[in-house]
Structure formats: C-alpha cells, structure tokens
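Let me begin by presenting the structure, written as structure tokens, before commenting on it.
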Amino acid sequence: MTKRSKTRAASTPGPGGRGPVAVLPNPPPGTRLAKIHEHLKSIGAPAYRFRQLVNSLHQPGVETFEDVRELPGVLRQELTEHFGRTVLPLDPVAIQSAEQVEKVLFETPSRVRLETVLSRYRAGWSSMCVSSQAGCGLGCTFCATGAIGLVRNLAADEIYAQVMHPHWRKDGGTLPASVAFMGMGEALANPHVFGALQLLTAAGYGGLSPRRITVSTVGFAPNLARLTNEQPQITITLSVHSPFPDQRAELIPLESRFALAENLAILDEHVVSVRRKVYLAYLLIAGVNDTAEHLEALAELVASRSRPELFHVSVIRYNEASGADPSYRAPSTEHVAKFVAGLLARGVHATRRRQFGASIDAACGQLHARYLLAPPSERADLVLAPGRG
Ligand code: SF4
C-alpha cells in the first residue's frame, strides 16, 4: 500500500459508516470518553489526537492506551496515568460459551458487573445483546435480572464499550451486524441509552445503521415516545406477555405506572409515521398466559392497532431463570408452535423467536451477572471453561 492510499484508508469510514473518519462528533457529556476528550484539550493536545484514539477502537487488538501507536509515547503514558490502562471502561472477567453463543461478564472500573451476549449464526453474521443497566429495578416476575434489583444505570460509553470491546475481535471476529438492547436492564428506564444510541450510530464511533439496532422495552412510555421522536429508525420491541391488564401487572409491575394501552398508542402513531414494523414480544409461560382466551385476546389486541400489518408478534418460550417465580414452567415446543399457528390463523403476523444459550443462562430473561456482588477474592474463579454452566 502506498503512503497516500494508507492515509486515505485511515480517514475513510468503512461500510455503513463503520471504521475511521476524519470528523467526529463530541462524545456524550459525563462519559469517560468525554473526560478523555476534555483532558486532551486541557493539556493542549491537537484535536486529531482524540480522533486517532477513537479511530483506533476499530482496529483489532487495541485495548490499552499503550496499544494506540498513532499517539506519541508521552501522551500514551499521560493517558494511562490519568485514566488507567484501558481505553474503554470495561474489562472482561468471565467468559462462557455454548451452542453458537458467547456470554461475557464485564466489569467497570468501579467494579460494577454486567453481561453481554454474542450470537454467531451459521450464515456468517453475528448479533449482540447488550445490557443497559446493572441489575434492574422493575421486578418482572419471570426475569432473573429483576430479581437482583437495580445496581445502577450504565453510562453511554459503558453500553458502547460492550459492542466495541476488542475481546470480540480476537481470533478474527468482526463487530456484530446487529445490536439488541435485550440484556440486563430496562433500556428506556436509563436516559443514558440515548447517548449510547448516538455513539453506536455515529460514523467513526459505532457506525451502525439505526435499523440494525433494536431497543426492547416492557413499556417505559415517556422514553418510548422520546425514542420514536429522536431515533425513529431504531427497531422497537414492546413486551406484552399478557393481553389482560391485571395479569400483565403481575408479570410486569410497570403496567400499573405505564399501561400497555398507553405504550401501544405511541406505537400506533409511530408505525403510521415511519411505516416500519414494530415487534410485540410474548413470553409464553405454561399454564399462565398460554390459554385459548389469551390467544384470542392477543389477536384482538393486534387487530385493533392503527396498522395491524406493521405489528409482528414474537413468541418466546419461557426460559427457567434463577430468581424468577419458581412456579413458572416452559411450555412444550408443540404448544409454542400451536400458539403461533393460532395467531397466524387469526391474521396476525407472528413467529417463534428462536434462542440459543439457555444452557449458560444467556437466553431472554436469564441474565443475572451471577457474580454481580462477588467479593474481589472470588475473581479468580470467574473465568469459566467454555461450555461450563
Ligand atoms: S424483564 Fe427487563 S424490565 Fe423486567 S425486570 Fe427483567 S430486565 Fe427489568
């Protein structure tokens, strides 16, 4: 490669805005990236030094400030002394793999723990499930994360760092083709998620198409409205889990604050304005929400939408989760198939959402950062052999 073509490669974004760029927006205030940006300014470093630092996150193997060879040695040392060893605010402390899934337990510098799951599909692409909170305060009765309670909201760059972490690109891996906010936490209860979406979609930072990002919510209505206004191209999944308000409030206590009807009204307007599909998640729990009455009421709920053809029901088989209501059971696969067929027969667009990783507690509702509160002395036990549950 000639010197000129090398320069061009270093300043041209990759496909879809991924990769290095010549101009970068400022990072969201309050984040570690913003502090680094401010610090570089305060010591009189030229503006391109921050850009070089962020651009380097797209290179495989760049984990520490020392790895950013574009920066002068003295600056690398200065940044290490000021911010610690790593560029991104996450360290992987435990790794589990099974089937086509890898789950990583990350730790922040303040020792808060969170889980991220990467699914690699045989077709050659991968999809990542990121956490938006450490724990969750909403207490859904089917969910392991809810059983922990809320530790804290994750900062925008802690969410961004889950996607960009060099761990995923070891052994020739690539950045995920799509990202879903379906890990630990209620994404829309955390206002920093909006900053994370900016980082993930901005050219030079994440460069992901917003259409490749899914935000999943149990119905935090004020921020659902904000999301549809600020990020209309993001894909949305709203958890329904019961068409009956009283029962839904038992499964998802947030129903009594922001009712399903209020959230559906927001989506009714949204689908009309963007003409894009939204998803309604329905977690099927044996003997709880899988009866003929539930099927009928769910089909009616969809049929009464502004544009029913733009509402797609994803039926998910319940995964037994530690901390969840112990009486909940998974329905048989035949029953799940029958429920989906029943929806289709009533004119509802529906599919079963296939999941991998239940054996390592990496499927929906199972993330619990098992070691969230483990004392430092237990850290040595955290790196698990692949496939160990
Ligand atoms: S399902 Fe989502 S909102 Fe409900 S407790 Fe679990 S993480 Fe929180």
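Odds and ends about this structure:
- Most mobile of Ser132, Ser97, Ser306 in a GNM of the chain (Cα contacts under 10 Å): Ser306
- Pairwise Cα inverse-distance average, inverted: Kirkwood Rh of the range 117-163 (Å): 12.2
- Cα shape, the range 250-339, gyration tensor, a/c 1.5 rule: prolate
- Local electrostatic count, Arg122, Cβ distance below 14 Å [Lys/Arg +1, Asp/Glu -1]: +1
- For the range 59-120, trypsin sites (Lys or Arg not before Pro) are listed when DSSP marks them as loop and at most 16 other Cβ atoms sit within 10 Å of their Cβ; the list is Arg69, Arg85, Arg111.
- Remark: the Cα gyration tensor places the chain in the prolate category, a/c being 1.5 or greater and a/b exceeding b/c.
- Projected label points at Ala330 and Ser306, each 7 Å from Cα along the beta carbon direction, are separated by 3.8 nanometres.
- Other residues within the sphere of radius under 15 Å centred on the Cβ of Val340, judged by their own Cβ, net out at +3 (K and R +1, D and E -1).
- Overall form of the range 18-124 per C-alpha gyration tensor (a/c, 1.5; a/b vs b/c): prolate
- Counting only aspartates and glutamates at least 8 places from Lys338 when in the same chain, those with an alpha carbon closer than 12 Å to its own are Asp290.
- Normalised by residue number, the volume inside the convex hull of the Cα atoms of the range 27-73 is 77 Å³ per residue.
- Cβ-based net charge around Pro243, under 10 Å, with every Lys or Arg adding one and every Asp or Glu removing one: -2
- Calculated on alpha-carbon atoms, Rg and Dmax of the range 157-281 in Å: 15.5, 50
- Dipole magnitude for the chain: computed about the Cα centre from +1 point charges on Lys and Arg Cβ and -1 point charges on Asp and Glu Cβ, it is near 1580 debye.
- Square roots of 5 times each gyration tensor eigenvalue, C-alpha, the range 92-207, largest first, Å: 22, 17, 13
- Degrees, to the nearest 10: 192-201 long Cα axis against longest axis of the chain: 70
- Inter-label distance, nm, simple model (7 Å from Cα along the C-beta direction), Lys338/Lys41: 6.3
- Only helices enter this figure: runs of n ≥ 4 DSSP H residues, each worth -39500 (n - 2.57), summed and divided by the residues of the chain, yield -9000 deg cm²/dmol at 222 nm to the nearest 500.
- Judged by the mean number of other Cβ atoms found within 10 Å, the most tightly packed of the peptides 307-316, 22-31, 234-243, 179-188 leads the ranking 179-188, 234-243, 307-316, 22-31.
- List His165, His335, His58, ordered by accessible area with a 1.4 Å probe, largest first: His335, His58, His165
The values are calculated or read from the model by the stated rules, or taken from the named source; none is laboratory data. Worth saying up front: this structure is predicted, and the values here are computed from it rather than measured. All Cβ positions, glycine included, derive from the backbone under ideal geometry; neighbour counts span all protein chains shown. Protein only, heavy atoms only, side chains kept; ligands, DNA and RNA dropped before computing areas. Shrake-Rupley method; radii C 1.70, N 1.55, O 1.52, S 1.80 Å.
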